[in-house]
Amino acid sequence: MRKRGEHGVIILIAMFFLLFFGISLSFFGLSQKKEYVRTAAESSFVTIHAGDSGGTIFDRNFIPLTNTDTRISAIAVPSEISFGEMKEYAVNPSEVKELYEKGEPFAFECTKIGDDSQGLTFFEIPERYSKKIPAPHIIGYISDGNGVSGLEYAYDRILRSGSVENSVTYSTDGFGHILIGNGKDVIRSKKQKTGVVTTLDSRIQKICEKAGASLKKGAVIVSDVKKGEILGIASFPTYDTDNLAAAFSDEDSPMINRCLYSFSVGSIFKLVTACEGINEGQSNFMGSCCGEYTVGNLRFGCHDKKGHGIQEMGDAMANSCNPYFISLGQCLDLQQYRSLAYNLGFGREIHLSTGIISSAGTLPSIDELRVPGELANFSFGQGKLTATPLQINQMTCAIANGGELIMLRLIRGITLDGETVGNEKLPLSSRVISEDTTKQLRKMMIGAIYNNENSKAAPTLVRAGAKTSTAQTGIFDEKGEELCHGWITGFFPASAPRYAVTVLAEHGGFGNDSAAPVFREIVDEMMKMK
């Protein structure tokens, strides 16, 4: 017979196996429940995010206009690194210490980048905006991660969709502890290499913004006359994307892109009147100025009250003589005259991108121009006629480019690698003036600078051609003085035009005083750049 003690041991072993079997059944049952299966799966990996990267808006040479600065972030695993090792990198050490003491992996902002280790992984993440963003009216801004205006809005899907976060994924055990021995999966986003390529040249954009800073309110545009590509475009006053509230409340309306708004044109429209005169065989038209011109019961004065006497077209352009062009306008075929203005872009919108569309301005109808006083105003750019700086620049390109009107454009295309443009389209163009006519117009514009001893538009490093305006607005200040828009539009080099430059000084007074010096500075700075 077995001893009583042996029976006790056997019973104890049997009870142990029964208990083990019961526990095994419990675990098996739990493992079959979906919620426990999901929890187990989720706890097998943990991902820590360091931040998003978005697409970039580039200039024509793939120089970033956004994402120009970077911030440094790091992801830390407290069990694998001491706080002392992390402290030297932390922007906010006290905040990092609190996170460190929790013992879980976390991301923090760094003052500098270091070498990756098992416990620390560094990331350089592009900052969307630098302290002074170029061309803010064109680039626009974002809110809550979405584009609200400008190219940020127009290309929101391309710039932000498919965004890949910078992150590290670790394996974990059943208790959520990091298993460093299994390595880490690091994702470094290259989204910033994709984006939109503009026609802008960041160097010329900087020149435009610096030269135009003297304008309290106004606009500056520089374009390539052969390609119709906008190289620089700036509206003043500018605004800070980090302080939109101040911009919205500013009485000078800095949020308005004045390049797209229409204004009274003034004497630069005399180029259109002269062009139609040449087209109709009136290039030798002689006009007499005695200081004023009367149409019906309306009297139109010349800025020179003594008058310019008898003049030919080139002298009248240099003198910017209103009576001459009024008398020339009376001789022109009304239908052809208005059609020329339309073909040169007046009365038509310019589409640069979704949401970036210039006003069509106002081009008087044929019936309106049949009114003698309206036709007189029209012939020297006053009355109901209005146009945008973009339209004026596009017209200037046509004159400088031998009569080929090329539709201005701002976008080259999309890039996936930050080095090449996909599906870039050729510029759209049409002939609107004969080459012989444009030669005469360019000669007159060169003379408007160099045959006028008072001109402030003449660059020092190259010869140019240009026409100024002082456009009346019918708006008066508290002193009773009329607020006039100062304009200049021109091209350079004079002998072989390559660039068109247009400057508007809203309520700036005389074009020769307010706009011409800006024109001169832009031309000289661009020549230095070359």
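The values are calculated or read from the model by the stated rules, or taken from the named source; none is laboratory data. As the structure is a computational prediction, the values presented were derived from the model and not from experiment. So basically every Cβ, Gly included, is an ideal-geometry build from the backbone, and we count neighbours across all protein chains shown. Please note that ligands, DNA and RNA were not included when accessible areas were found on the heavy atoms of the full protein model with its side chains. Shrake-Rupley method; radii C 1.70, N 1.55, O 1.52, S 1.80 Å.
Helix 389-400 and the long axis of the chain differ in direction by around 60°, with both axes built from C-alpha atoms.
Using the Cα gyration tensor of segment 290-363, with a ≥ b ≥ c the square roots of its eigenvalues, what is the shape: rounded (a/c below 1.5), prolate (a/b larger than b/c) or oblate (neither)? Prolate. Enter the Cα centre distance for the pair segment 139-189 and segment 245-264, rounded to the nearest angstrom. A separation of 35 Å, based on Cα centres. Peptide packing: for 68-76, 201-209, the average count of neighbouring Cβ atoms within 10 Å per residue gives the ranking 201-209, 68-76, highest mean first.
Against the longest principal axis of the chain, how steep is helix 516-529, in degrees 0 to 90 to the nearest 10, with axes from Cα atoms? That works out to roughly 60 degrees.
Of the cross-linked pairs 131/217; 131/206; 131/210; 227/425; 97/184, those separated by over 18 Å at the C-alpha level are 131/217; 97/184. At 7 Å along Cα-to-Cβ for each site, give me the label-to-label distance between residue 429 and residue 249 in nm. Placing both labels 7 Å beyond Cα along the Cβ direction yields 5.0 nm.
Charged side chains reduced to their Cβ positions (Lys and Arg at +1, Asp and Glu at -1) give the chain a dipole of some 940 debye around its Cα centre. Using a probe radius of 1.4 angstrom, the carbon and sulfur fraction of the accessible surface of the chain is 52%. When only the Cβ of Lys, Arg, Asp and Glu is charged (+1, +1, -1, -1), the dipole of segment 399-530 relative to its Cα centre reaches about 620 debye.
Among the trypsin sites (Lys or Arg not before Pro) found in segment 333-401, those both in a DSSP coil and sparsely packed, with 13 or fewer other Cβ atoms within 10 Å of their Cβ, are 370.
Note on residue 185 and residue 366: with the Förster distance fixed at 45 Å, the Cβ-Cβ geometry gives a FRET efficiency of about 0.05. Please work out the FRET efficiency for the pair residue 92 and residue 216, using the Cβ-Cβ distance as r and a Förster radius of 45 Å; give the result to the nearest 0.05. The computed FRET efficiency comes out at 0.60.
The relative contact order of segment 327-370, computed from alpha carbon pairs under 8 Å that lie at least 6 residues apart in sequence, is 35 percent.
Could you tell me whether segment 34-176 comes out rounded, prolate or oblate from its Cα gyration tensor? Rule is a ≥ b ≥ c as square roots of the eigenvalues, rounded for a/c under 1.5, then prolate if a/b exceeds b/c, otherwise oblate. Because a/c hits 1.5 or more and a/b fails to exceed b/c, segment 34-176 counts as oblate.
The Cα atoms of segment 372-520 give a gyration tensor whose axes a ≥ b ≥ c have a/c of 1.5 or more with a/b greater than b/c, which makes the shape prolate. A crude spin-label estimate for the pair residue 203 and residue 171, with each label 7 Å from Cα along the Cβ direction, gives 5.4 nm.
Look at the alpha carbon pairs under 8 Å that are at least 6 residues apart: their mean separation over the length of segment 255-363 gives a relative contact order of 28 percent. The residues of segment 145-259 expose on average 44 square angstrom of accessible surface per residue, using a 1.4 Å probe on protein heavy atoms. Working note: Karplus 6.51/-1.76/1.60 with θ = phi - 60° gives segment 276-288 the couplings 5, x, 5, 4, 9, x, 9, 5, 9, 4, 10, x, 10 Hz, where Gly and Pro are set to x. Amide H contacts under 5 Å for residue 194: 56, restricted to partners 5 or more places along the chain or on a different chain, H placed in the peptide plane at 1.01 Å from N.
Dipole magnitude for segment 282-348: computed about the Cα centre from +1 point charges on Lys and Arg Cβ and -1 point charges on Asp and Glu Cβ, it is near 220 debye. If you average the alpha carbon positions of segment 39-115 and of segment 317-338, how far apart do those two centres end up, in angstrom? If we compute the Cα centre of each part, the gap is 68 Å. Please determine, in degrees from 0 to 90 and to the nearest 10, the orientation of helix 435-450 with respect to the longest principal axis defined by the Cα atoms of the chain, where the helix direction is its Cα long axis. Roughly 90 degrees, rounded to the nearest 10. Taking all protein chains into account, the per residue accessible area for segment 309-466 stands at 41 Å² (1.4 Å probe).
Ranking 472, 485, 454 by Cα position along the charge dipole of segment 452-523, where only Lys, Arg, Asp and Glu carry charges on their C-beta atoms, puts 454 farthest toward the positive end. Across the chain, the mean sequence separation of Cα contacts (distance under 8 Å, 6 or more residues apart), normalised by length, yields a relative contact order of 14 percent. Sorting 259-269, 304-314 by their mean Cβ neighbour count within 10 Å, with the most densely packed peptide first, gives 259-269, 304-314.
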